[in-house]
Every structure is written in C-alpha cells, then in structure tokens.
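The values are calculated or read from the model by the stated rules, or taken from the named source; none is laboratory data. Everything numeric in this text was worked out from a predicted model, so none of it was measured. Note: ideal-geometry Cβ built from the backbone for every residue, glycine included; neighbour counts use all protein chains shown.
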Amino acid sequence: MDKARRNLVLNTLAVAALFGVLLAFDRFGTDYQVRILNNMAIFITLAVSYNLVNGICGILHLGPNAFITIGAYTSALLTLSPAEKQMTYIIEPLIWPLSVIQAPFALSLLAGGVLAAVFAFLISFPVFRVRGDYLAIVTLGFGEVVRVLCNAFQSVTNGPLGLKGLPPYTNLWWSWGIAVLTIILVTRLINSSFGRAMKAIREDETAARAMGIDPFRHLLLAFLVSAFFSGIAGGLLAHLITTISPTLFTFFLTFNLLMMIVVGGLGSTTGAALGAALFAWGGEALRVVESPMNLGLFTIPGIPGMRMVVFSLLLMIVIIFARRGLMGRNEFSWDRILARMKLVAR
C-alpha cells in the first residue's frame with residue numbers, strides 16, 4: 001500500500017473512531033459533558049480558520065469577533081419563526097423581509113457564513129492597504145464597529161436586549177461535523193499552491209511579490225475562508241447557548257482565539273485544534289480549584305476566579321518553555337507516529 005492510500009485509510013479510521021466516541025457521549029453522556037464537547041468543536045472551527053490568517057499568512061488580524069457576530073445574528077434571525085420575532089422585538093419591530101422569513105438550520109448557517117464572507121470582502125480593500133500594527137488596529141476597529149452597530153440597530157438586532165429563546169439546534173453531529181470539515185478544507189488549502197504562496201508572503205512579502213505572487217489575491221482568499229467558517233461557527237454558538245447579545249462578542253472573544261492559536265503553535269493547524277480543545281476542556285476542568293478543598297488538617301475555602309489565575313500561570317509556563325507553542329509549525333503526521341511505534345516495538 002502506497003503512502004497516500006495508507007494515510008487516507010488511517011484518516012478515515014480516525015474520523016470513524018471520533019464519531020464512535022461522539023455516539024457514545026450522545027447516548028450515555030451527561031448534558032454537561034455534551035456541552036463541553038460542543039464548545040470544543042466550535043472553538044476548533046474558530047481557531048483553525050483564524051490560524052489561516054494569523055499563522056499561515058502572518059497577518060495580525062484582530063477582528064474575528066465581528067464575523068462571529070454577523071454569523072450568529074444572521075443564523076438566529078433566519079431560524080426564529082415570525083411569531084417568535086414579533087414577541088422578541090418589543091421596542092422596535094423587526095424590518096421586512098426578515099420579519100416574515102424562516103429558514104432551516106443548515107441554510108441559516110450557510111447564510112451566516114456567506115454574509116460574513118461578504119463583509120470580509122468589503123473591508124479587505126482598506127484592510128490590506130496597510131500592514132503590521134496598522135492592520136491589527138483596523139481589524140480591531142471593525143470588530144468594535146460591528147458590536148456597536150448591534151447595540152444601535154434595534155430594528156435588526158433588537159439592540160442590547162439581544163435575541164433569546166433560539167431553538168437549540170446545535171448538537172454533537174453539527175458541531176463536530178463542521179469542525180472536521182473545516183480542518184479538512186483548510187488543510188487542503190494550506191497544502192495547495194495557494195497555501196505555499198501564503199507561507200511565502202508570511203516569510204517575505206517583497207520576495208514573494210518579486211516571484212510573481214499577488215499578495216492581495218492570496219490574503220483575500222485566506223480572509224474570506226476564515227470569515228466564512230467564523231460565521232458558521234457563530235451560528236453554531238448562537239444555537240448552542242440559545243441567547244445572544246452584543247456583550248457576548250467583545251474583544252475578549254478574539255483574545256481567547258488568539259491565545260488558543262499561540263499556545264497551540266502559530267502556523268500549525270494541528271496546534272490550533274489542540275489549543276482550542278485544551279482551552280475548552282481546561283477551562284472547565286480547573287473549576288475544581290474554585291471549590292472548597294478539605295486537606296485533612298485544614299480546609300481551603302473556594303476562591304471565585306482562582307481558575308483564571310491558575311489558567312494564566314499554565315499559559316505563562318507554556319510560553320516560557322515552548323515559545324513557539326506546543327506544536328510550533330509542525331503538523332500531525334502518521335509517518336512520525338508509525339515510526340515511533342516501531343521504535344517502541346524494538
């Protein structure tokens with residue numbers, strides 16, 4: 001069996017094993033465990049798509065919360081029934097035709113991703129005229145503008161009241177199906193000629209331009225793909241927590257995503273997925289440090305917020321001892337795993 005076919009078989013078996021685990025949790029897991037797995041999958045989708053711009057292209061993009069917001073509100077508005085919208089919009093009525101439209105969940109997710117990509121296309125022209133800190137400031141400003149507009153446009157977003165009572169459509173199959181699809185498509189893009197051109201731009205944009213690579217074209221492609229999957233993830237998030245408001249999509253969300261890809265390894269899709277999984281699981285696992293602990297001779301009282309202190313310390317340790325993240329720029333490789341298994345067998 002040649003290498004490509006072997007990797008295809010192993011990847012298929014790995015996906016089948018993943019969905020076997022999800023089936024077990026779906027049938028026998030608690031609601032809390034299922035919630036953590038859903039959060040993990042949504043964060044993986046967000047981190048992998050965000051890493052495409054920041055890690056692969058080397059662009060400091062600080063506005064993914066804007067695309068998540070657009071996707072979340074678009075999907076939520078399309079899945080709510082006209083009667084539910086009429087009860088929700090008590091200050092100003094929802095504008096037509098959104099007030100009478102209702103769409104299936106799958107179509108609403110697709111619409112959220114497409115609309116996020118459309119906004120990404122519109123802002124790409126001013127964004128990619130600058131580089132470095134200036135680009136970061138422009139994208140950061142866009143994220144804040146979207147959040148402020150969500151507060152102001154009550155006839156569209158219901159303002160600060162947000163949208164409540166969304167149908168809980170997001171489940172393990174939707175969240176992990178989208179996560180796996182995102183990883184596959186982004187990996188194939190990175191391994192294509194477009195991906196190699198993006199990496200060349202990251203290393204030296206002037207040299208890449210001299211070799212005939214159009215930086216705007218390739219950065220735009222990465223920006224649109226990242227925004228599309230961020231919008232879809234926003235729709236999944238909205239229908240997981242079933243209530244959204246502008247306060248949910250602050251810069252703190254972007255900061256969390258940035259932390260995931262830095263810890264996992266900038267430029268590594270595997271690292272982005274690993275960082276997102278650790279963030280989603282670790283944030284819940286560390287809740288134990290906020291509970292009272294009986295050590296026999298004395299009892300340590302629970303301290304609210306202590307898990308974030310411990311989480312910050314762990315983050316500092318990772319950054320100090322693994323400056324390029326857990327994976328660096330390395331990717332998951334069956335060859336490396338099989339080689340180590342042979343060494344262990346010997």
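For the stretch 92-139, the set of residues classified as within 23 Å of Gln154 (Cα to Cα), in contact with a His (Cβ under 9 Å, 6 or more places away or on another chain) and not small (Gly, Ala, Ser) consists of Leu109 only. Taking the listed residues Val289, Val310, Val318, the one that is under 20 Å from Val263 (Cβ atoms), touching a helix residue (DSSP H, G or I) at 6+ places or on another chain (Cβ under 6 Å) and modelled with pLDDT under 75 is Val289, with no other qualifying. Return a yes/no flag: does the stretch 52-64 have any residue that is at pLDDT below 95, at positive phi and surrounded by 13 or more Cβ atoms within 10 Å (Cβ to Cβ). Yes.
Beta carbons closer than 7 Å, at least 6 apart along the sequence or on distinct chains, pair a first residue in the stretch 310-335 that is within 26 Å of Val186 (Cα to Cα) and touching a residue at least 24 places away in the same chain (Cβ under 8 Å) with a second that is polar (S, T, N, Q) and in a helix (DSSP H, G or I) for Met327/Thr270; Glu331/Thr269; Glu331/Thr270; Phe332/Thr270; Trp334/Asn7. Under 19 Å from Gly231 (Cβ atoms) and surrounded by 15 or more Cβ atoms within 10 Å (Cβ to Cβ): is that true of Leu135 in this structure? Taking the combined requirement at face value, the residue does not satisfy it. Checking the structure you have, find out if any residue of the stretch 28-36 is in contact (Cβ under 8 Å) with a residue 40 or more places away in the chain, under 28 Å from Met259 (Cα atoms), in contact with a helix residue (DSSP H, G or I) (Cβ under 8 Å, 6 or more places away or on another chain) and of a type in the set (S, T, N, Q). Among the residues of the stretch 28-36, not one is in contact (Cβ under 8 Å) with a residue 40 or more places away in the chain, under 28 Å from Met259 (Cα atoms), in contact with a helix residue (DSSP H, G or I) (Cβ under 8 Å, 6 or more places away or on another chain) and of a type in the set (S, T, N, Q), which makes the answer no.
Results for (1) surrounded by fewer than 24 Cβ atoms within 10 Å (Cβ to Cβ); (2) among the aliphatic types (A, V, I, L, M), shown as yes or no for each residue.
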position: Ala4; (1), (2): yes, yes
position: Leu10; (1), (2): yes, yes
position: Leu23; (1), (2): yes, yes
position: Gln33; (1), (2): yes, no
position: Ala41; (1), (2): no, yes
position: Ile70; (1), (2): no, yes
position: Pro104; (1), (2): yes, no
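In this structure, does Ala120 turn out to be surrounded by 18 or more Cβ atoms within 10 Å (Cβ to Cβ), out of contact with any Leu (no Cβ under 9 Å at 6 or more places or on another chain), part of a helix (DSSP H, G or I) and not β-branched (Val, Ile, Thr)? Taking the combined requirement at face value, the residue does not satisfy it.
With the structure loaded, tell me whether Leu52 is touching a residue at least 60 places away in the same chain (Cβ under 8 Å) and in a helix (DSSP H, G or I) or whether it fails that test. Before the answer, list the steps.
Numbers: touching a residue at least 60 places away in the same chain (Cβ under 8 Å): yes; in a helix (DSSP H, G or I): yes.
Here the answer is yes, as Leu52 does meet what is asked.
Filtered by the rule that a residue be farther than 16 Å from Leu266 by Cα and not aromatic (Phe, Trp, Tyr), the stretch 194-208 gives Ala197, Asp204, Glu205, Thr206, Ala207, Ala208.
Taking Phe153 as the residue in question, decide whether it is within 18 Å of Phe249 (Cβ to Cβ), aromatic (Phe, Trp, Tyr) and modelled with pLDDT of 95 or more.
Taking the combined requirement at face value, the residue does not satisfy it.
Criterion first (in contact (Cβ under 8 Å) with a residue 40 or more places away in the chain and not polar (S, T, N, Q)) does Arg147 satisfy it? Taking the combined requirement at face value, the residue satisfies it.
Against the condition surrounded by fewer than 20 Cβ atoms within 10 Å (Cβ to Cβ) and under 14 Å from the mean Cα position of the chain (by Cα), how does Leu221 come out, does it pass? No.
Tell me which residues, restricted to the stretch 176-211, are among the polar types (S, T, N, Q) and under 16 Å from Glu331 (Cβ atoms). Can you show your working first?
Of the residues in the stretch 176-211, the ones among the polar types (S, T, N, Q) are 182, 187, 191-193, 206.
Thr182, Thr187, Asn191, Ser192 - these are the residues of the stretch 176-211 that are among the polar types (S, T, N, Q) and under 16 Å from Glu331 (Cβ atoms).
Would you mind telling me which numbered condition in (1) of a type outside the set (A, V, I, L, M, F, W, C); (2) closer than 30 Å to Gly282 by Cβ; (3) at pLDDT below 90 Gly165 fails? The one condition Gly165 does not meet is (2). Candidates Thr242, Thr270: the one that is touching a Leu at 6+ places or on another chain (Cβ under 6 Å), modelled with pLDDT of 85 or more, surrounded by fewer than 24 Cβ atoms within 10 Å (Cβ to Cβ) and over 26 Å from Val138 (Cβ atoms) is Thr242. Exactly one of these conditions fails for Gly159: (1) modelled with pLDDT of 90 or more; (2) over 27 Å from Ile261 (Cα atoms). Give me its number. So the condition that Gly159 fails would be (1). Just so you know, in the stretch 295-307 the residues that are at pLDDT 70 or above and surrounded by 13 or more Cβ atoms within 10 Å (Cβ to Cβ) include one that is nearest to the chain's Cα centre (by Cα), and it is Arg307.
Just checking, does the stretch 89-96 include any residue being more than 25 Å from Arg129 (Cα to Cα), buried (at least 17 other Cβ atoms within 10 Å of the Cβ) and in contact with a Leu (Cβ under 9 Å, 6 or more places away or on another chain)?
First, the residues of the stretch 89-96 that are more than 25 Å from Arg129 (Cα to Cα): 89-96.
Then keep just the ones that are buried (at least 17 other Cβ atoms within 10 Å of the Cβ); that gives 89, 94.
With in contact with a Leu (Cβ under 9 Å, 6 or more places away or on another chain) added as a condition, the list becomes 89, 94.
Yes, the conditions are met somewhere in the stretch 89-96.
When the stretch 150-178 is filtered for residues that are of a type in the set (A, V, I, L, M) and either outside any helix (DSSP H, G or I) or touching a residue at least 60 places away in the same chain (Cβ under 8 Å) (or both), the ones remaining, listed by number, are Val156, Leu161, Leu163, Leu166, Leu172, Ile178.
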